[in-house]
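Here the structure is laid out as structure tokens; the discussion comes afterwards.
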């Protein structure tokens, strides 16, 4: 990738949460390694899908990139500026260009605020329009863009369905004309029929406003539909990163192979011939990850070196990155 085309560059990002003991005098006795040294970049106008099972650090990665969590280590370069070094007003100005769509449309909207106030709040915070009338006009325009009636501005969140609430969340994210949006499992709490509508809406908005997405999900079929490239995460680290079609047609990491084997195929002939990979055991605790490769305790192709040496995340050619001793 040419440097000119990269919007976001994440380098060795770490997010550790301290474990303490004691009531009066607290001692630091360990860390929960939610994100443990991951690196990737996202091009302008691209959608990078980030997949993995629950608790692997996907949402924490998204929040650490936007500096909602201040990372323990590493760097996040957005348009050439290191966000981890920015504070106060400088970081607030950058936040206009980065927004987030949250997972739960029921918890992410303030029940005491009207839809108009929810969407106009970012406009007031960043002082984008001078008058209330201009802000109201912008709010109605945003509601139209996401497929809602512009006269809903005086209604409250409890008067809307889950899909409509998520559209309100999308409108709020769009309010300040961002370039980059972290979509944190934006459809996981919605019915299947509504999921397709929200996915189509996100794709339409990306084409219309030239948006760049980090799309976090655990549904691999959805990720394949919306993403240009896909990154697979396991226990705080990236296992594999490749172009969408390359990853689905030629998965190299044993964890990626196991995930894809669990995705149902709507063809009974192919489905019957397919080999299902069942992983044994449970995911280790991020407070006490295994030595060597994080996946060594569950990998069906584990070798002695896997239990001792952490594999390097490297490019095997064609921008296909894998962290595995098999290659």
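Points to keep in mind about this one:
- Förster radius 30 Å - calculated FRET efficiency between residue 130 and residue 197, Cβ distance, rounded to 0.05: 0.30
- Taking the fewest neighbouring Cβ atoms within 10 Å as the starting point, the ordered list for 324, 183 is 324, 183.
- Computed over the chain: relative contact order in percent, which uses C-alpha pairs under 8 Å that are six or more apart: 19 percent
- Alpha-carbon Debye profile of the stretch 1-158, log10 I(q)/I(0) at 0.17 Å⁻¹: -1.15
- The long axis of helix 162-174 is offset from the longest Cα principal axis of the chain by roughly 80 degrees.
- 0 to 90° range, to nearest 10: angle between helix 115-125 axis and the chain longest Cα axis: 80 degrees
- Degrees, to the nearest 10: 192-209 long Cα axis against longest axis of the chain: 70 degrees
- Distance between the modelled labels on residue 89 and residue 117, one decimal in nanometres: 2.9 nm (7 Å Cα→Cβ projection).
- Length-normalised contact order for the stretch 151-258 - Cα pairs under 8 Å, 6+ apart - percent: 19 percent
- Normalised by 2.2 N^0.38 Å, where N is the number of residues, the alpha-carbon radius of gyration of the stretch 69-147 equals 1.33.
- Along each principal axis, taking the top coordinate minus the bottom one, the Cα set of the stretch 103-146 gives 31, 22, 17 Å in descending order.
- For the stretch 191-295, Kirkwood radius (reciprocal of mean inverse C-alpha pair distance, Å): 15.9 Å
- Contact order for the stretch 60-129, expressed relative to its length and based on alpha carbon pairs under 8 Å spaced 6+ residues apart, stands at 19 percent.
- The chain - mean residue ellipticity at 222 nm from DSSP helices (-39,500 (n - 2.57) per run, n ≥ 4, rounded to 500): -9000 deg cm²/dmol
- 19 Å cut-off, amide nitrogen to a point 7 angstrom out along residue 305 Cα→Cβ, residues in the stretch 246-288: 252-255
- Between residue 149 and residue 274, full extension at 0.36 nm per residue minus the direct alpha carbon distance yields a gain of 40.4 nm.
Only the coordinates and a few stated rules stand behind these numbers; no lab work does. Just so you know, these numbers come straight off a predicted model, no measurement behind them. Cβ: placed from backbone, ideal geometry, glycine included. Neighbour counts: every protein chain shown.
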